[in-house]
Amino acid sequence: MSIERFYLTYNQDRIKEPVIYWVGQKFRVVTNIRAASVSDHIGIVALELEGDQDEINAAVKWIAGQGVKVEPIEKNVIE
Amino acid sequence: MSFTTGLKCRECGESYSWKPLHVCELCFGPLEIGYDYDAIARVLSHKTIASRPRNLWRYKELLPVSGEPRIGLHSGFTPLVKADRLGEVLGVEELWVKDDSCNHPTFSYKDRVVSVAVSAAIEFGFDTISCASTGNLANSVSAHTARAGLRCFIFIPDNLERGKVIGSAIYEPTPVAISGNYDDVNRLCTEIADKYGWAFVNINLRPFYTEGAKTYGFEVAEQLGWKLPQHIVVPTAGGTILPKVAQAFEELVQVGLVKDTPWKIYTAQAAGCSPVVNALHRGADLIEPVKPNTIAKSIAIGNPADGYYVLGAVRKSGGWGEAVTDKEIVDGIRLLARTEGIFTEPAGGTTVAVTKKLIEQGRIPRNESIVISVTGNGYKTLEAVTDAVPVPFNIGARLEEFDALYQTLEQSSKVRASA
């Protein structure tokens, strides 16, 4: 089992989508929201995913496919 | 002797013991270093600092190391140049350029943060140092680890131009090019940091790494005669340096090394990558990530790790920020070169151009002290200005030909007049 931590960034047009609910239904991962901020323009969720690495990878790919940006909590580390 | 008091979450305040940790286990907030400022105030004086070698460790009580630093002994203490000729062009009375284009050993401000991160890594007992970078950071990590005799892995996107890798490869780290987009590379690097237990300077050592940026602010104050400037303009990429310069000024006041005089800090970004300036102008707290599209590659970070703290520091000081086009950036590079003889990379051109804009807007008054931050060297990014600089005049090897050319140039006023 692995645990990974991500920031999910929702643009205005994706903000109403229950992406975290669905990812828990579609993949064998435990979702744990640790922090969240929402404004008119943007929503940011700090999310922990726990599960087999393959399931986490598939879940991340699916979330990104929903138009939600998925990044490690360190954000951009390429400097 | 160390004056640190441990690690603390910037968001929820949770405390952690002294270890290479960067994220709060509770809220995922970034961790920062705590100091015993009262104890530092008792031992640190202008005289003590003046007696030390001219490198970034002269402020070691305010840095996160416990023993004698072994790395970065020639880094820092770069010139603070009184920029009268540039000041005349911009129409201001007191202008300074803090010039890290000549920082040792790899010609950018990264030599500060990497010196501190590698020193901390040595104290923690790491034998492998790493980073993900497309330029200045990789150069600096490669050089400092070569000097320290440590293993080094450099991660880069696989579409990076060969020329950009040479400045790191010469120090013989192990470079690894990763296929995939920047998000994939970001994620893989954090996974490697977790799995292999290496010191990634800007990931698991980030609280230590960012502290090195304070030395830029310490030096500005010391070189101004232990005074704070009234205005300082700083570029923003990942958001490391600006909040740390602000913190440096606050710490100097707290330990009694400078008077508590008013100062404002301003962020400079390229219009092709300005997530922080966008948020600042919108009055927002959350930073909307952008896809970078600018020649200013060294500051092209679409979702800055510390962008939120840049906003906080700028707002707290009463400062502001602006973004400038690539054309304005190139003009900024050329203006600094022809007035002050300093050749900076596009990040520095951005700072010059933004300073000009802020002065023209009346945001920065013309009769107060201003510092422009130059954080990197133009010789690394020649391609940014290749099409913008004059081409040589061609003549045959005969004096008559030069006489004719000179006459033409004199008549058309194309020769720079002496000041």
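The values are calculated or read from the model by the stated rules, or taken from the named source; none is laboratory data. Just so it is clear, the structure is predicted and the values come from calculations on it, not from any experiment. Cβ: placed from backbone, ideal geometry, glycine included. Neighbour counts: every protein chain shown.
Things worth noting here:
- Candidates B:ARG112, B:ARG151 - the one that is within 14 Å of chain A (Cβ to nearest Cβ) and modelled with pLDDT of 95 or more: B:ARG112
- In the stretch B:154-177, residue nearest to the other protein chains (Cβ to nearest Cβ) [restricted to those that are within 20 Å of B:GLY197 (Cβ to Cβ) and not in a loop (DSSP other than H, G, I, E, B)]: B:PHE155
- Only one of B:GLY238, B:GLY180 that is assigned to a loop (DSSP other than H, G, I, E, B), over 22 Å from B:PHE77 (Cα atoms) and more than 9 Å from chain A (Cβ to nearest Cβ): B:GLY180
- In summary, B:GLU88 fulfils each of the numbered conditions (1) in a helix (DSSP H, G or I); (2) not assigned by TED's automatic domain parsing to the domain that holds B:ILE241 with the single exception of condition (2).
- Residue list for the stretch B:217-235, filter: farther than 26 Å from B:PRO346 by Cβ, of a type outside the set (A, V, I, L, M, F, W, C) and either within 14 Å of another protein chain (Cβ to nearest Cβ) or in contact with a Lys or Arg (Cβ under 9 Å, 6 or more places away or on another chain) (or both): B:GLU222, B:LYS227, B:GLN230
- The stretch B:15-59: number of residues that are modelled with pLDDT of 95 or more, charged (D, E, K, R) and out of contact with any helix residue (DSSP H, G or I) (no Cβ under 8 Å at 6 or more places or on another chain): 5
- Single residue of B:VAL371, B:VAL352 found to be assigned to a strand (DSSP E or B) and either at pLDDT 95 or above or touching a helix residue (DSSP H, G or I) at 6+ places or on another chain (Cβ under 8 Å) (or both): B:VAL371
- Residue match in the stretch B:200-219 (condition: assigned to a strand (DSSP E or B), within 19 Å of the chain's Cα centre (by Cα) and either buried (at least 22 other Cβ atoms within 10 Å of the Cβ) or among the charged types (D, E, K, R) (or both)): yes
- Residue among B:PRO105, B:PRO64 that is assigned to a loop (DSSP other than H, G, I, E, B), modelled with pLDDT of 95 or more and touching a Lys or Arg at 6+ places or on another chain (Cβ under 9 Å): B:PRO105
- Applying the set (1) more than 10 Å from chain A (Cβ to nearest Cβ); (2) touching a Cys at 6+ places or on another chain (Cβ under 8 Å) to B:LYS214 leaves exactly one unmet item: (2).
- The single residue among B:VAL385, B:VAL330, B:VAL354 that is under 26 Å from B:ASP111 (Cα atoms) and within 17 Å of the chain's Cα centre (by Cα) turns out to be B:VAL354.
- Candidate set from the stretch B:292-310 (those that are surrounded by fewer than 24 Cβ atoms within 10 Å (Cβ to Cβ) and of a type in the set (Ser, Thr, Tyr)); member that is nearest to the other protein chains (Cβ to nearest Cβ): B:TYR308
- Number of positions in the stretch B:10-30 that are away from every other protein chain (no Cβ under 12 Å) and of a type outside the set (Gly, Ala, Ser): 7
- Of the residues making up the stretch B:184-196, just one is at pLDDT 90 or above and surrounded by fewer than 17 Cβ atoms within 10 Å (Cβ to Cβ), namely B:TYR196.
- Each residue in the stretch B:28-73 was checked for being more than 23 Å from the chain's Cα centre (by Cα) and of a type in the set (Asp, Glu), and 3 of them qualify.
- Only one entry of B:VAL276, B:VAL233, B:VAL245 meets the criterion of being over 22 Å from B:LEU7 (Cα atoms), in a helix (DSSP H, G or I), touching a residue at least 40 places away in the same chain (Cβ under 8 Å) and not small (Gly, Ala, Ser), and that entry is B:VAL276.
- In chain A, counting only strands (runs of 3 or more DSSP E) that sit wholly within it, the ones holding 1 or more residues that are more than 9 Å from every other protein chain (Cβ to nearest Cβ), without any contact (Cβ under 8 Å) to a residue 40 or more places away in the chain and more than 18 Å from B:GLU288 (Cα to Cα) span A:29-38.
- Filter result for the condition that a residue is of a type outside the set (Lys, Arg), surrounded by 20 or more Cβ atoms within 10 Å (Cβ to Cβ), in the same structural domain as B:ARG363 (by TED's automatic domain parsing) and touching a residue at least 60 places away in the same chain (Cβ under 8 Å), over B:GLY321, B:GLY332: B:GLY321
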